[in-house]
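The values are calculated or read from the model by the stated rules, or taken from the named source; none is laboratory data. Computed from a prediction, not measured in an experiment: that's the story for all the values here. Areas reflect the complete protein model, heavy atoms only, side chains present, ligands, DNA and RNA absent. Shrake-Rupley method; radii C 1.70, N 1.55, O 1.52, S 1.80 Å.
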Amino acid sequence: QITLFVTPLLVILGWIIGQPMSLFFLPFETVCLFIAVLLSNYLVQVYGKSNWLEGALLIATYLIMALAFFFYPDT
């Protein structure tokens, strides 16, 4: 839900300040977003509650994705 609000807002803000931005995402970015949504949906909504281990798994997933984006070659 945050992505659906923040992404278009940042594109509009980019237009205002003159920074070129678009809603075109590379396949790598789309797959990472899909995995994050799928994993958080599974961990939180399947049982209706979560514990510290599931939170640690989500944080680890986001850290792994951050490292992947850091080392992913720019095209």
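Observations on the structure shown:
- Angle between the chain longest axis and helix 2-17 axis [Cα atoms, degrees, rounded to 10]: 20 degrees
- A straight chain from Thr30 to Thr7 at 0.36 nm per residue would run longer than the Cα-Cα distance by 7.0 nm.
- Axis of helix 27-45 versus longest Cα principal axis of the chain: the two differ by about 30°, to the nearest ten degrees.
- The eigenvalues of the Cα gyration tensor, multiplied by 5 and square-rooted, give segment 1-71 an equivalent ellipsoid with semi-axes of 28, 15, 11 Å from largest to smallest.
- Using alpha-carbon coordinates, inclination of helix 52-71 to the longest axis of the chain, degrees: 30 degrees
- The accessible surface of the chain, taken with every protein chain in place and a 1.4 Å probe, is 75 percent carbon and sulfur.
- The mean accessible area for residues of the chain, using a 1.4 Å probe and ignoring ligands and nucleic acids, is 87 Å² per residue.
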